[in-house]
Structures are given as structure tokens and as C-alpha cells.
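The values are calculated or read from the model by the stated rules, or taken from the named source; none is laboratory data. Just so you know, these numbers come straight off a predicted model, no measurement behind them. Neighbour counts run over all protein chains shown; Cβ positions are idealised from the backbone, glycine included. Surface areas here come from the heavy atoms of the whole protein model, side chains and all, with no ligands, DNA or RNA. Shrake-Rupley method; radii C 1.70, N 1.55, O 1.52, S 1.80 Å.
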Amino acid sequence: MTLGDLDIATRTIWMEARGESFEGKKAVAHVIINRMNWRPNDRWTCIAQVCLDWLQFSGWREQDPNFKKAQELTFKDSVFLECLHALVEAVREPDFTGGCRHYHAKTVLPKWARFKQPTITIGNHIFYNNID
């Protein structure tokens, strides 16, 4: 994992889970890692590609309100540092999500989640390990 991967993944966690608990931030980090491990050398060859791939994380679309905010983050932001810490811990620990590669907020039900059994719910996110 390069410094660029760390930066992109940390900003992704911030966009997706900055209001979640530390465990919720780590769960999003595990999803990113699981996606990388799911398709190594196929679709994604690095963590940054997982995060920046089209339609994977909406915060990376320029029209998303989080996009500009995420670009302006520095290490002076305590939540940004917590997201980095969550990523580093997720890399070093066993995956407590059970291999989840997908999640969504409790407030929505994407088409891909219909008729699927969630694996775990953490904070405001519902996680799945049975989506192809």
C-alpha cells in the first residue's frame, strides 16, 4: 500500500463514515480492503483504484458535496486522523465484518441489496458479504 493509497482510502472513509463510531469507520475500511482482495490484478490493482472506481464511492464524484470538503482535509482535522487510524487498524486486524464488500446507509435500500441478507449492522450502515 502506497502513501497515495493511504490518502485516498482515508479520505474515502471520511466521506463515507466520518459521523460513525470508530468501529463504523473500521468497517468501511474493511470493505475497501475486502474489495481489493476480491479482485486482485483484475479490476483493481491498488486500494486507490478501489476507492476511485466509477460508482463505488459517491463522494469521489465532483458534483458530490463531500468531494471538495475531502480535498481540503489536512492532518489538523481530528476526524481525518481518526479515519487514518481506523484504516491502519483494519489492515492489521482480523476482518470483523465477515468479508463484507458492500454496505449502505439505513436510510436507503439500493437495488443491489433487495432480497439480500445483511451480514452485520454497525451504526447507520448495513453490511453485506453476499453481493457479486
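When the gyration tensor of region 1-121 is built from Cα positions, what are the square roots of 5 times its three eigenvalues, in whole Å, from largest to smallest? Write out the running numbers ahead of the final one.
Working: eigenvalues 83, 56, 50 Å².
Each semi-axis is √(5λ); the values are 20, 17, 16 Å.
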Angle between the chain longest axis and helix 3-17 axis [Cα atoms, degrees, rounded to 10]: 60
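Based on Cβ point charges of +1 for Lys and Arg and -1 for Asp and Glu, what charge dipole magnitude is obtained for the chain about its Cα centre, in debye rounded to the nearest 20? Walk me through the numbers on the way to the answer.
Values: 17 positive and 16 negative charges, 82 e Å.
That gives the chain a dipole magnitude of about 400 debye.
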Residue-wise HN-Hα coupling along region 64-74, computed from phi with Karplus coefficients 6.51, -1.76, 1.60 (Hz; x: Gly, Pro): 6, x, 6, 4, 5, 4, 5, 5, 8, 5, 10
Simple spin-label estimate for ASP77 and ARG43 in nanometres, 7 Å along Cα-Cβ: 2.7
Whichever lysines have a C-alpha closer than 24 Å to that of LYS69, once near sequence neighbours (fewer than 8 apart) are set aside: LYS25, LYS26, LYS106
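Tally up the carbon and sulfur contribution to the accessible surface of region 40-118 as a whole percent, 1.4 Å probe, everything protein left in place.
On region 40-118, the fraction of accessible area on carbon and sulfur atoms equals 55 percent.
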0 to 90° range, to nearest 10: angle between helix 22-38 axis and the chain longest Cα axis: 70
DSSP loop GluC sites (Glu not before Pro) with at most 16 other Cβ within 10 Å: longest gap in the chain: 1-61
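Determine the percent antiparallel among the DSSP beta bridges restricted to the chain, to the nearest 5. Write down the numbers at each step before the final one.
Details: 7 of 8 bridges.
If I count the DSSP bridges inside the chain, around 90 percent turn out antiparallel.
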Cα→Cβ-extended label distance, 7 Å offset, between TRP112 and PHE96, nm: 2.4
Translational diffusion of region 3-70, µm² s⁻¹ [Kirkwood Rh, Cα pairs; Stokes-Einstein; 37 °C; 0.692 mPa s]: 271
Residue range of the chain that is longest and free of trypsin sites (Lys or Arg not before Pro) which are both DSSP loop and sparsely packed (at most 15 other C-beta within 10 Å): 1-42
Sequence-distant residues sharing a close amide H with HIS102 (under 5 Å, placed H): TYR128
Sparse-neighbour loop sites [chymotrypsin sites (Phe, Trp or Tyr not before Pro); region 1-78; at most 11 other C-beta within 10 Å; DSSP]: TRP54, PHE75
For the chain: relative contact order, % (alpha-carbon pairs under 8 angstrom, 6 or more apart): 29
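With a cap of 11 neighbouring Cβ atoms within 10 Å, and only residues DSSP puts in a loop, list the chymotrypsin sites (Phe, Trp or Tyr not before Pro) found in region 79-132.
Values: sites: PHE80, PHE96, TYR103, TRP112, PHE115, PHE127, TYR128; in loops: PHE96, PHE115.
Filter output for region 79-132: PHE115.
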Surface per residue (accessible, 1.4 Å probe) for region 82-132, Å²: 60
All aspartates and glutamates inside 16 Å of LYS116 as judged from Cα atoms, apart from same-chain residues fewer than 8 positions distant: ASP132
Computed helical MRE - 222 nm, the chain, DSSP H runs ≥ 4 contributing -39500 (n - 2.57), nearest 500: -14000 deg cm²/dmol
